[in-house]
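The structure under discussion appears below in the form of structure tokens.
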Amino acid sequence: RRIMSSKPVSPAHITVRGPGPKQRVTLRASLRDEKGALFQAHARYRADAEGELDLERAPALGGSFAGLEPMGLIWAMEPDKPFWRLVKRDVQTPFVVELEVLDGHEPDAGRLLAREIWFTLLLITTLKFFKRYNAFLFSSLGPGLFPGIIDIYGVGGGLLEYRASLLAGHGFATLAVAFYDFDDLPKDFSNIHLDYFEEVVCYMLQHPQVKGPGVGLLGISLGADICLSMASFLKNISATVSINGSGSSGNSTIHYKQISIPPLGIDLKRIKVTFSGILDIVDIRNDIVEKFENPSMIPIEKAQGPILFIAGQDDHNWRSDLNVQTVSERLQAHGKEKPRIILYPGTGHYIEPPYFSMCPASVHKFFNKVVIWGGELRAHSKAQVDAWKQILSFFSQHLGGTHKGVSPKL
């Protein structure tokens, strides 16, 4: 009895051959992250009349999910440690995913019928570390010129590379950049200096593998607001993707030359505490007054290139769907066209690449306490798949590339 599968970096086609006709089986997937935390999901199935189980045709009868979900065993994995986020820090080592077939519908007691191991290596590209910019550059294998993208994460700090590595696999030279809490960088994000990022843009455009004439920007959360600020003040920005950005300075002062955008600030009295003691910080930001001319708003009307706004409508870090509406109104008030906005219902704050486990709550670095990030498992997971397609299509359209366009679809 054996399982046939492909790597779960892309959609996997999983079939099980060998069970008896109409036999009840349970499939269980598991992996351990780099700190040893165990992530697992399971689902109950019934083989067909020929004794075969094809997850593209057979609906799950229950477990971590139900219904026809060919990749459910991957995106539905949850950690055994509470409030733990799945993060890949070393892209040169693989995720090891174990898939087991168990007899019956009891995942912890059924007899083991088969086991398959996946080694999922995210790095399918070349990379080089640049100490001066606290950044890793990922580029496609082989010679040539590639569209350039700068990738920035948020309040978690440090240097996260896995999204940049995956983008490079689609033909983009991608620079993952740290801006605080990494090596000799500042230990907090109270002051963000765009001059640092301007140097990064210049470096990218001078790199022999980057074709120019401009670069793309991709950011999530605070990283998205840094990208929006870069697009507003810096030259040679051809396209920007903001994932759950706020459109304001948040808790930071943003500096460029002689210009400073003051922090919007927060009101800690607005924090809500759930019955289980988890913080809900969705409404703690100070209100944006003075309509669209609040001095803490990013002057996004100055941006030259197109911007794609992606927002989860169940984001509990802040109200991303309302934020993008405010930004859109500001743009139109300044005579600009309405930007492209994709809203995902049931989707929380951490919109990751496809099939990454959803993180509904974890420790927030600023508060050092567990906060709600939001999201409903199925809706959030499907949004991650679609958002990734939209990002690739957007950058291919505006930076040049071979990825075909797609229309938003959940």
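The values are calculated or read from the model by the stated rules, or taken from the named source; none is laboratory data. Being a predicted model, the structure only gives us computed values, none of them experimental. Neighbour counts run over all protein chains shown; Cβ positions are idealised from the backbone, glycine included. Protein only, heavy atoms only, side chains kept; ligands, DNA and RNA dropped before computing areas. Shrake-Rupley method; radii C 1.70, N 1.55, O 1.52, S 1.80 Å.
General observations
- Set of aspartates and glutamates near Lys81 by C-alpha distance (under 17 Å), chain-local residues within fewer than 8 positions excluded: Asp33, Glu34
- Karplus-based coupling profile of the stretch 66-78, in residue order and whole Hz: 9, x, 7, 9, x, 10, x, 5, 8, 6, 8, 5, 10, with θ = phi - 60° in 6.51 cos²θ - 1.76 cosθ + 1.60 and x standing for Gly or Pro.
- Of the residues Leu99, Leu308, Ala176, the one whose Cα sits farthest toward the positive end of the charge dipole of the chain, with +1 on the Cβ of Lys and Arg and -1 on the Cβ of Asp and Glu, is Leu99.
- Note on the stretch 305-410: along the principal axes its Cα atoms extend 40, 34, 22 Å, ordered by decreasing extent.
- Value in Å of the Kirkwood radius, where the chain supplies the Cα pairs that are averaged: 22.3
- Cα pair distances exceeding 17 angstrom across the stretch 252-378, given as percent: 65
- Taking packing as the residue-averaged number of other Cβ atoms within 10 angstrom, the listed peptides 241-253, 328-340, 37-49 run from highest to lowest as 241-253, 37-49, 328-340.
- Long-range amide H partners of Ile288 with built H, under 5 Å: none
- Accessible carbon and sulfur surface of the stretch 11-73 relative to its total accessible area, %, 1.4 Å: 48
- Of all accessible heavy-atom area on the stretch 254-325, the percent that carbon and sulfur account for (1.4 Å): 54
- Taking the DSSP bridge list for the stretch 183-267 and keeping only pairs wholly inside it, about 25 percent are antiparallel.
- The string of couplings for the stretch 147-152 from the Karplus curve (6.51, -1.76, 1.60, θ = phi - 60°) is x, x, 9, 9, 10, 10 Hz, one whole number per residue in order, with x for Gly and Pro.
- Over the stretch 131-290: Rg over Rh, Cα atoms, Kirkwood Rh: 1.02
- For the stretch 46-95, GluC sites (Glu not before Pro) are listed when DSSP marks them as loop and at most 11 other Cβ atoms sit within 10 Å of their Cβ; the list is Glu50.
- Amide H partners (placed H, <5 Å) of Phe182, local residues excluded: Gly158
- Virtual spin-label span in nm between Arg57 and Lys35, 7 Å along Cα→Cβ: 4.3
- Probing with 1.4 Å while keeping every protein chain in the model, the per residue accessible area of the chain equals 43 Å².
- Volume per residue of the C-alpha convex hull in the stretch 45-91, rounded to whole Å³: 112
- Over 22 Å [Cα-Cα, the stretch 214-303], rounded percent: 34
- Inter-centroid distance (Cα atoms) of the stretch 165-234 relative to the stretch 341-355, Å: 22
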